[in-house]
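Q: First the structure, which I've put down as structure tokens, then a few questions once you've had a look.
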Amino acid sequence: MNGFSVEKVKCNNCNNEELKRIDGVYALTKVEKKEQEISFMPASGIPVVVFVCTKCGELKLLPAKLLGEI
């Protein structure tokens, strides 16, 4: 895990230390807009793990590679 500990993750909004991990690995993808058309660019995506604050609901995305998920 490269010295990174999920236990040290805090909510940026309320400083809550209880973040719940959402199962699975997701992708944060680039979006391009040309006039009125929106295109998702999955080839430029970053695999992420999603956490949600149990107090305020803020989402935190962490690189899946950093967590050893990929």
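Q: Using modelled amide H (1.01 Å from N, peptide plane; none on Pro or chain starts), what sits under 5 Å from the amide H of LEU66, excluding residues fewer than 5 places away?
A: HN-HN under 5 Å from LEU66: empty list.
Q: Output wanted: per-residue J couplings in Hz (rounded whole) for the range 50-58, from phi through Karplus 6.51 cos²θ - 1.76 cosθ + 1.60, θ = phi - 60°, x for Gly and Pro.
A: 9, 10, 10, 6, 6, 9, 10, x, 5
Q: Starting from the chain, pick out the GluC sites (Glu not before Pro) whose DSSP state is loop and whose Cβ has at most 16 other Cβ atoms within 10 Å. Show your work: numbers first, answer last.
A: Details: sites: GLU7, GLU17, GLU18, GLU32, GLU35, GLU37, GLU58, GLU69; in loops: GLU17, GLU18, GLU35, GLU58, GLU69.
Counting only loop positions with at most 16 other Cβ atoms within 10 Å, the GluC sites (Glu not before Pro) in the chain are GLU17, GLU18, GLU35, GLU58, GLU69.
Q: Next question, about the same structure. At q = 0.16 Å⁻¹, what is the log10 ratio I(q)/I(0) for the chain, with the Debye formula run over Cα points and no solvent?
A: -0.65
Q: Counting other Cβ atoms within 10 Å, which chymotrypsin sites (Phe, Trp or Tyr not before Pro) in the chain have at most 14 and lie in a DSSP loop?
A: Sparse-neighbourhood loop chymotrypsin sites (Phe, Trp or Tyr not before Pro): PHE4.
Q: Let me ask you something else. Whole-Hz Karplus ³J(HN,Hα) for the range 13-18, in order, using 6.51 cos²θ - 1.76 cosθ + 1.60 and θ = phi - 60°, x for Gly and Pro?
A: Residue by residue, the range 13-18 yields 7, 10, 6, 5, 9, 9 Hz.
Q: While we're here: Cross-link list LYS8/LYS55; LYS34/LYS60; LYS34/LYS65; LYS30/LYS65: which exceed 27 angstrom alpha carbon to alpha carbon?
A: Working: LYS8/LYS55 16 Å; LYS34/LYS60 29 Å; LYS34/LYS65 31 Å; LYS30/LYS65 18 Å.
Too far apart for the 27 Å limit: LYS34/LYS60; LYS34/LYS65.
Read-outs: derived from the displayed coordinates by stated rules, not from any lab. Everything numeric here is computed off the predicted structure, so don't read it as measured data. Every residue, glycine as well, gets a Cβ built from its backbone with ideal geometry; the counts of neighbours run over all protein chains shown.
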